[in-house]
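Every number here is computed from the coordinates shown, using simple stated rules; none is lab data. Quick caveat: nothing in here was measured; it's all calculated off a predicted structure. Methodologically, a virtual Cβ is constructed for each residue, glycine included, from the backbone with ideal geometry; neighbour enumeration extends over all protein chains shown.
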Amino acid sequence: MAEESGKWVLMVTAQTPTNIAVIKYWGKRDETLILPVNDSISVTLDPDHLCTTTTVAVSPSFDHDRMWLNAKEISLSGGRFQNCLREIRNRACDFEDKEKGIKIEKKDWEKLHLHIASYNNFPTAAGLASSAAGFACLVFALAKLMNAKEDQSQLSAIARQGSGSACRSLFGGFVKWIMGKDEKGSDSLAVQLADEEHWNDLVIVIAVVSSRQKETSSTSGMRESVETSLLLQHRAKEVVPKRIVQMEEAIKNRDFSSFAQLTCADSNQFHAVCLDTSPPIFYMNDTSHRQFSTNMETCFRIISCVEKWNRSEGSPQVAYTFDAGPNAVLIARNKKVAAQLLQRLLFIFPPSSDTDLNSYVIGDKSILHDAG
Ligand code: DP6
């Protein structure tokens, strides 16, 4: 380390969008390494709407690791955070900034403490994949800071150990998380199927039905599903492998009919697996909330609106998908359809109505931004 070692702070800021799975990840075969029971495919959103911004800093004057999420200090004792940090530290390289007189050798990274500030511009843990953006951003920023030379796929295998879905946020556009075969997880990583320019007619509208924190976390929900749902086993072995092939083909050919049909079917099957879990999990509502039925009704009305519309047009115009929460992610085939979709949503749920639908976020697909 440099002579006047207490006087410097080195920092990197990165911004990472969240991703929405169109073929869902649900179930782990290894809880610690976060190895899934099936491949999954997602689309990465526009960072202007749903993203995490993280600044990571090191300084010899920091005496322990600290982290703030949305300006509130949080504990870093969790195994997932420590696993990601250890993996990046193992890959850290020498760093030198002659102008500022900073020199850090590989072995020094072990001794330097971190300060991390992370900010989500959307509700945390409300089923909008906040942990995906969060861990992807953290791993990306730490890798830059510590001068690790890994490529995005190798970084994705590290982000995966923070939160499974995070591995897909290391890329923009359409992304596949390959489940891998290696029981140590070396081949369980994300690859980009198509970049953000490939199918840029698509517009994503997110109808925020509830921004409250979900009651059953994805981690415990999927553990219970693995332990109790027979449908999950059938899905992982028989259904998803075929859907992955079909979805890759639909994305390659920009075939919206197949894309929408597969996306809706996979979302519905994921929620069917949740219902097949014992005790059943209902993610399309918020049971801690007295508007339980309103939330659920809102979700069903959105699904029914899209299904009826798609049928009346003779071919799908909009796809819907719901993650582990009641918020609807709606993918319109183009801008014109997105405008019609908003009109329909506003007609069914006028802003003054007593439903929970409180905002619409419109996004495009986009790329990982390195603001460092
Ligand atoms: C329904 O990645 O949040 O959004 O790996 O336990 O952190 P952990 O789970 P997480 O699960 C995401 C589940 C999902 C589907 C998906 O994103 O593929």
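Across every pair of different alpha-carbon atoms, what Kirkwood hydrodynamic radius in Å does the chain reach? Mind dumping the intermediate values first?
Details: mean 1/r = 0.0470 Å⁻¹.
For the chain, inverting the mean 1/r across all distinct Cα pairs yields 21.3 Å.
Between the Cα long axis of helix 335-348 and the first principal axis of the chain there is an angle of about 70°, rounded to the nearest 10. Couplings 3J(HN,Hα) of the range 103-112, computed from phi: 9, 10, 8, 2, 5, 5, 4, 4, 8, 7 Hz, in residue order, whole Hz [Karplus 6.51 cos²θ - 1.76 cosθ + 1.60, θ = phi - 60°; x for Gly and Pro].
Looking at the chain, identify the longest residue range that excludes and avoids all GluC sites (Glu not before Pro) in DSSP loops having at most 12 other Cβ atoms within 10 Å. Please list the in-between numbers first.
Details: sites that count: 3, 4, 31, 99, 105, 183, 197.
Looking at the chain, 198-372 is the longest stretch - no exposed GluC sites (Glu not before Pro) with at most 12 other Cβ atoms within 10 Å.
Mean separation of Cα pairs under 8 Å and 6 or more residues apart, divided by the residue count, gives the range 159-258 a relative contact order of 18 percent. Amide H contacts of residue 26: 37, 38, each under 5 Å away and 5 or more positions distant or on a separate chain (H built 1.01 Å from N in the peptide plane; Pro and chain starts excluded).
With a simple spin-label model that places each label point 7 Å from the Cα along the Cα-to-Cβ direction, the separation between residue 186 and residue 238 comes to 3.5 nm.
Counting only alpha carbon atoms, the long axis of helix 79-91 and the longest principal axis of the chain meet at about 50°.
Ignoring lysines fewer than eight residues from residue 106 along the same chain, the ones with Cα atoms less than 21 angstrom from its Cα are 7, 98, 144, 149. Backbone geometry of the range 256-269 corresponds, through the Karplus equation with coefficients 6.51, -1.76 and 1.60 at θ = phi - 60°, to 3J(HN,Hα) couplings of 5, 4, 5, 4, 5, 4, 5, 4, 5, 4, 6, 4, 5, 5 Hz, x marking Gly and Pro. Can you tell me which lysines have their Cα less than 26 Å from the Cα of residue 28? Leave out same-chain residues fewer than eight positions away. Excluding near neighbours in sequence, the set is 176, 181, 184, 214, 237, 242.
Each part reduced to its alpha carbon centroid, the range 141-174 and the range 49-104 end up 14 Å apart.
For the chain, averaging the sequence separation of C-alpha pairs within contact (under 8 Å, six or more residues apart) and dividing by the residue count gives a relative contact order of 23 percent. Computed over the range 31-159, the quotient of the alpha carbon radius of gyration and 2.2 N^0.38 Å is 1.11.
Among residues other than residue 176 with Cβ under 10 Å from its Cβ, the summed charge is -1 (Lys and Arg +1, Asp and Glu -1).
Once you have all Cα-Cα distances for the range 74-225, histogram them in 10 Å bins from zero and send the whole-percent values. Distribution as computed: 10, 33, 35, 18, 5, 0 percent. Computed from Cα atoms, the angle from the helix 292-313 axis to the main principal axis of the chain rounds to 70 degrees. With 0.36 nm allotted per residue and the present C-alpha distance subtracted, the residue 7-residue 257 stretch has 84.1 nm of extension available.
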